[in-house]
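The numbers here are math on the coordinates, done by the rules we state, and not lab data. Source: prediction; values computed, not measured. Here the Cβ is made from the backbone with ideal geometry for all residues, glycine too, and neighbour counts use every protein chain on show.
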Amino acid sequence: MTRDERTVDVLIVGAGPAGLGAGAELAASGAGRVEILERELDAGGVPRHCRHGGFGRRPRGGETGDEYARRCVAAAVRAGATLRTGVTVTGWAENAPADGAHTLEITGPAGLERITARAVVLATGARERPRSARLVPGGRPSGVYTTGELQQAVHLYRQPVGTRAVVIGNEAVGHAAADTLRTAGAEVVAMVTDQPPSPAAALLRPRGRFPLLTRATVTGLTGRTALTGVTLRHEDGRTTTLRCDTVVFTGDFVPDHELARRAGLTLDRGTRGPAYDAEYRTSLPGVFAVGNLLHAVEKARVASAEGRAAAAPVLRHLAGGPPPAPRPVALAVDAPLLWIAPNRTGPAGARPLRGRFVLRTARRLERPVLVVSQDGRELDRQRLLLPAVPGRAFHLGAGWLGRVDPRGSTVRITAV
Amino acid sequence: MTPTVTRAGELPDGDPYDVTVIGGGVVGTAIARELAKYPLRTALVEASDDIGNGTSKANTAILHTGFDAVPGSLEAGLVREGQRLLAEYAAGTGIPVERVGALLVAWDDEQRAVLPALLAKAERNGYHAARLLDADELYDREPRLGPGALGALEVPDESVICPWTTPLAYATQAVLAGVHLHLDCRVLHIDTGPDTHTLTTSRGPLRTRYLVNAAGLYADEIDRHLGHDTFTVTPRRGQLMVFDKLARDLVRHILLPVPTSAGKGVLVAPTVFGNVLLGPTSEDLGDKSDTASTADGLHFLREKGRRILPELLDEEVTAVYAGLRAATGQEDYRIQDHPDQRYVTVGGIRSTGLTASLAIGAHVTGLLTRTGLELGTARELPGITMPNLGEASPRPYLRADLIDRDPAYGTIVCHCERVTLGEIRDALNATVPARSLDGLRRRTRARGGRCQGFSCGPAVRALFEEARP
């Protein structure tokens, strides 16, 4: 079987904000031949089909997702990165080169390729868990969406959706889904969350023109071929059925980690993305990871910043790099915290983006104190000024990193 | 000859069909394919919009050896013969099959005590390759198996097969050989005259000299139209969970439960698509269309799965579905000819029906001659090659030769399952084309992967709608 074989300096997999950010920065910094591969026909990632504002940074904060995506693409191309769309990385070559480079196998309309790179940056992003993965029982009717599918259907393909919709999840992405439904002419019957109502919500203007049902769990979908309703169980045991022909399961993001796993990278149990350090290094030398692959969904500008921040360590790797780092120490969280990112220590002095770690919690915590400890020794203690709430990032300063014993066991972060 | 596949409008009038098969499942399509070898006018009528759309689409996708059939039963004979025929047919037409072998795992002393009897039963069924494994050998074969297993019966020839390509291959070959396939054609009433049956269908009358009832869950109802009231089909629901492709490395064999007094139990099996299947439940229902999954069913499966393969539960679930088996309260197939009516009933075809299908086709054709049908001289069926959905041999996205000829095979549309534009286009233009998004999924796997359409859903839908006549 014939394959086109080539070598590049850096191969970036995924042309969303993170991959494009890495590509722009690396190409501009003289990393050599930088190639970005995108499996979709258009680059830009998920923001392509987000028509709501809030992308980018001020003063251009009014940008919509598609405008932001185009700007990311333009920046990478202008910097000199080679951007190729409609080509898919299908796996890692079995016979890796001996010099620490990596070889990826690629399928595209022009045929099969095998590209060897001195550094690989994985920027494969995240997706929302669909109804099946959430184990929502019932029939298998049509009319069941994730936000990603809904936004593409409405904004990119102008496909009709139903007339009466229920949105599952009340994070920002849920509200984006509700906006998209209204754009498509559907009535949002309700938004449903299993979380308690936010204390602040009562003080704020209601965001939508629909009821928000809190402390309610989806127990099933009714309808055999077409959706007829969503059944709910409220915390007090009541059950109700919302009549609808469309349901959107939002949030619950999971990293698209297939390539990472196929490479045998160590994954973090919390994020389900590759375990990585403040230099975006994974467990495999020469393979870096950036963006929402690392921690599911953060804002596009965070993913982009991570991509750009990874350029310096990638360049150090290309240059032969510093001597091998000491054995990384894993970072882990205790429930109800879900994950911390980055989640392993790196070379001495390496600090995560903006000097802080990102965390998520499974349930609301009122001004928690985050305690960092290793082998029973307390390394730090930080009080949050605001509540930690599910679906939103909060942070832990990295000042204690120097106190980690490189020969010790896992560093644990506990909320008290 | 132009293939005849209709979905709407009046049925062709004129002379009655020689034979009409009711039911386009794996059994009905196999019978139609067998009849297609003969110079007969044959019709295959199916109530839904696709072949293989009922019980056939939602099963455990195993090509059985028949080692555990009731010796001497009709089922035992047809499964053994069918296994041989289908394995050969699959190799010739490109239906994905993987001979992974099965392990019947004993988790307690009662189950372990049953294994020698099962080995003896396999021998009585003419299957001689099975053997007993002790716990060490078992864990050697299946290192990720949960702790506590005591031993196993190994059945090295049990295989997994593509349940969707099989009836599609039969139907394609039948239609190419001149069988008329009428979809969305529900049989509402049957008048049996001295020479012909007149079927009143949702698309008008259809006349036929001979009639085969392969209506699956509805075989008892069709039988009653002909005045027979000998069995009742009770839908037995089986809920199943499909785990992500990244779980595939956890399991090497079909892990079967040891059948005990408590019933047949839950299996874990690889699929030819590279996923892992967990199921089924077993629930007798009153409603022949209730293919809903339930919270209890999924909880039950997770508990069973946790014991069999603990790491499986950490993997993402790709799909959940339920199928309905046609249970008749009897242990054997209910295949019966009625010579005075030029009619054959093919009822009670249970989970082994996929394996036995080709043998059932030949058996039923034989029964038809007993009712007076003259077959004429058999001829070769047109050869076909089915699109490969299996992971064991290269799919189009890995084939430089195909992409070289047509770049559409290098254009991946569904990323999780790596389905190309070329395959989707082919499925929409095939002899028996996809007429729904679900039908397209069963022919190509598009939208069937871990993201369930998050990435490719609207693109696939656009291609489907563009092609819809």
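A few notes on this one:
- Legend: P(r) of the protein assembly as shown from all alpha carbon pair distances, 10 Å bins from 0, whole percents, reading 2, 12, 20, 23, 20, 13, 7, 3, 1, 0.
- Proximity of backbone amide H atoms, modeled 1.01 Å from N, is registered between B:Thr201 and B:Leu188, B:Leu206 at under 5 Å, excluding neighbours fewer than 5 places apart on the same chain.
- Size of charge dipole - region A:181-334 - debye, nearest 20, with Cβ of Lys, Arg +1 and Asp, Glu -1, no other charges: 260
- Cβ screening of the protein assembly as shown for cysteine pairs under 4.7 Å finds these without a partner: A:Cys50, A:Cys72, A:Cys244, B:Cys162, B:Cys185, B:Cys416, B:Cys451.
- The mean of 1/r over all distinct Cα pairs in region B:1-73, once inverted, gives the Kirkwood hydrodynamic radius of 14.7 Å.
- Nearest-0.05 FRET efficiency for B:Glu110 and B:Leu313, computed from C-beta distance (R0 25 Å): 0.50
- Note on region A:316-380 and region A:62-130: Cα centroid distance 27 Å, given to the nearest whole angstrom.
- Rg followed by Dmax, in Å, when region A:221-291 is reduced to its Cα trace: 20.0, 54
- A cut-off of 5 Å between modelled amide H atoms, ignoring neighbours fewer than 5 places along the same chain, links B:Leu44 with B:Val21, B:His180, B:Leu181, B:His182.
- Taking every DSSP bridge with both residues inside chain A, close to 55 percent are antiparallel.
- Charge dipole magnitude, Cβ of K and R +1, D and E -1 - region A:1-119, Cα centre, debye nearest 20: 520
- For region A:202-339, convex hull of alpha carbons as volume per residue, Å³: 195
- Least to most buried among B:His189, A:His295 (fewest other Cβ within 10 Å first): B:His189, A:His295
- Cα-derived Rg to Rh of region B:270-367, Kirkwood definition: 1.09
- For region B:18-46 and region A:246-281, distance of Cα centres in Å: 49
- Normalised by residue count, region B:3-161 yields a Cα convex hull volume of 155 Å³ per residue.
- Gap separating the Cα centres of region B:243-284 and region B:294-365, nearest whole Å: 13
- Whole-number Å³ per residue for the convex hull built on Cα positions in region B:397-439: 70
- Normalising the Debye intensity of region B:347-431 to I(0), with uniform scatterers on Cα atoms only, and taking log10 at q = 0.21, 0.23, 0.24, 0.26 Å⁻¹ returns -1.00, -1.11, -1.16, -1.27.
- ³J(HN,Hα), Karplus 6.51/-1.76/1.60, whole Hz, each residue of region B:60-69, x for Gly, Pro: 8, 6, 10, 9, 7, 7, x, 4, 10, 5
- Sparsely packed trypsin sites (Lys or Arg not before Pro) within region A:220-263, loop by DSSP, other Cβ within 10 Å at most 10: A:Arg238
- Intensity falloff of region A:273-388 expressed as log10 I(q)/I(0), Debye formula with alpha-carbon point scatterers, at q = 0.11, 0.16 Å⁻¹: -0.39, -0.81
- Seen through its C-alpha gyration tensor, with square-root eigenvalues sorted a ≥ b ≥ c, region A:108-215 comes out prolate because a/c lies at 1.5 or above while a/b is bigger than b/c.
- Principal-axis analysis of the Cα atoms of chain A puts helix A:172-183 at an angle of about 60° to the longest axis.
- Entries of B:Lys37/B:Lys264; B:Lys57/B:Lys121; B:Lys37/B:Lys121; A:Lys299/B:Lys57; A:Lys299/B:Lys304 with Cα pairs more than 32 Å apart: B:Lys37/B:Lys264; B:Lys37/B:Lys121; A:Lys299/B:Lys57; A:Lys299/B:Lys304
- The charge dipole of region A:264-416, taken about the Cα centre with unit charges on the Cβ atoms of Lys, Arg (+1) and Asp, Glu (-1), comes to about 320 debye, rounded to the nearest 20.
- Shape call, chain A: gyration tensor on alpha carbons, a/c limit 1.5: oblate
- For region A:382-390, Karplus couplings with θ = phi - 60° (6.51, -1.76, 1.60), whole Hz, Gly/Pro x: 10, 8, 7, 7, 10, x, 8, 10, x
- Kirkwood analysis of chain B, using all unique Cα-Cα pairs, places the hydrodynamic radius at 22.9 Å.
- A simple rule links phi to the HN-Hα coupling: the Karplus curve 6.51 cos²θ - 1.76 cosθ + 1.60 with θ = phi - 60°, which for region B:459-464 gives 5, 5, 4, 4, 5, 5 Hz, with x for Gly and Pro.
- Loop GluC sites (Glu not before Pro), region A:81-158 (other Cβ atoms within 10 Å of the site Cβ: 11 or fewer; DSSP): A:Glu94
- Sorted by Cβ neighbour density within 10 Å, fewest at the top, the residues B:Val5, B:Val419: B:Val5, B:Val419
- Loop trypsin sites (Lys or Arg not before Pro), region B:361-469 (other Cβ atoms within 10 Å of the site Cβ: 12 or fewer; DSSP): B:Arg379
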